[in-house]
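Readers should treat all values here as calculations from the given coordinates under stated rules, not as data from a laboratory. Just so it is clear, the model here is predicted, and its values are computed rather than measured. Don't worry about glycine lacking a Cβ; one is built from the backbone with ideal geometry, like all the others, and counts go over all protein chains shown.
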Amino acid sequence: MVQFALPAATIPSIAIFESTTRFAVRRIFCVGRNYADHAREMGNDPDREPPFFFTKPADAVVDDGATLPYPPQTENLHHEAELVVAIGLAGVDINAKQALRHVWGYATGNDLTRRDMQAAAKEMRRPWDLAKGFDHSAPCGALHPVSEIGHPVQGRITAHVDGALRQDGDLADMIWPVADVIAYLSCSVALAAGDLIYTGTPAGVGPIIRGQSCTVAIDGLSSVTTTFI
Ligand code: MN
């Protein structure tokens with residue numbers, strides 16, 4: 001047995017809907033642009049270029065109902081409402097036709113972004129890492145197993161800030177459906193149980209200011225609300 005010099009860190013995890021057990025998180029991947037209207041609002045051409053990915057630390061996950069400190073080094077924290085895919089079966093070079101077999105469940109997520117830091121990174125051709133992968137940057141609602149809800153291919157996805165509707169899209173408008181996202185990602189990395197994939201956001205991203213609450217909701221899934229102080 002391995003002896004560690006210091007106690008091992010706690011394993012990050014997310015809630016499972018109506019369960020006392022939790023889903024251990026291994027890694028977090030995010031799709032860059034997966035809805036044409038959001039690609040356009042960010043100044044990009046939404047033609048079907050291959051999907052691209054970035055990551056967040058596994059311990060960035062936050063449960064529904066969290067109250068968080070407003071993140072440092074930003075004055076423009078943005079919400080991004082996203083469908084989260086939880087991988088339950090390992091695989092590499094997965095065929096899109098087989099890809100959904102690797103999904104354990106789905107959740108609602110918020111890909112929090114320090115937009116001003118991201119814009120500066122783009123401008124200076126530097127990495128996005130700290131614009132996207134900061135502490136508590138991955139709120140995630142309760143995970144719903146595929147065995148109970150199947151695979152959502154359409155359904156309304158929204159973000160509200162203090163009750164005001166900000167984002168209002170449909171999962172059917174993803175440029176790359178979940179199966180294609182898994183297939184592409186598995187060509188770059190070996191996926192394994194515990195990996196989460198945030199699958200991109202529709203148009204309407206915008207700021208959350210101190211004192212506000214943001215709720216992301218998807219038809220048929222538990223919502224996730226996060227408050228910033
Ligand atoms: Mn995103």
Note: among ILE149, ILE94, just one is over 24 Å from GLY211 (Cβ atoms), crowded, with 16+ Cβ neighbours inside 10 Å and of a type outside the set (Ser, Thr, Tyr), namely ILE94
Checking the structure you have, find out if any residue of the range 65-79 is small (Gly, Ala, Ser) and exposed (fewer than 11 other Cβ atoms within 10 Å of the Cβ). no
Counting only residues that are without any contact (Cβ under 8 Å) to a residue 24 or more places away in the chain and either under 16 Å from ASN110 (Cα atoms) or surrounded by fewer than 12 Cβ atoms within 10 Å (Cβ to Cβ) (or both), the range 20-39 contains a total of 2
Out of all the residues in the range 186-196, is one or more within 14 Å of the ligand (Cβ to nearest atom), closer than 16 Å to PRO50 by Cα and not in a loop (DSSP other than H, G, I, E, B)?
-> no
All conditions in (1) part of a strand (DSSP E or B); (2) more than 16 Å from the ligand (Cβ to nearest atom) are true of CYS214 except (2)
Go through the residues of the range 103-118 one by one and say whether even a single one is buried (at least 16 other Cβ atoms within 10 Å of the Cβ), free of Cβ contacts under 8 Å to residues at least 24 places away in the same chain, more than 15 Å from TRP176 (Cβ to Cβ) and within 16 Å of the ligand (Cβ to nearest atom). yes
Within the range 197-211, residues of a type in the set (Ser, Thr, Tyr), under 27 Å from ILE229 (Cβ atoms) and assigned to a loop (DSSP other than H, G, I, E, B) come out as THR201
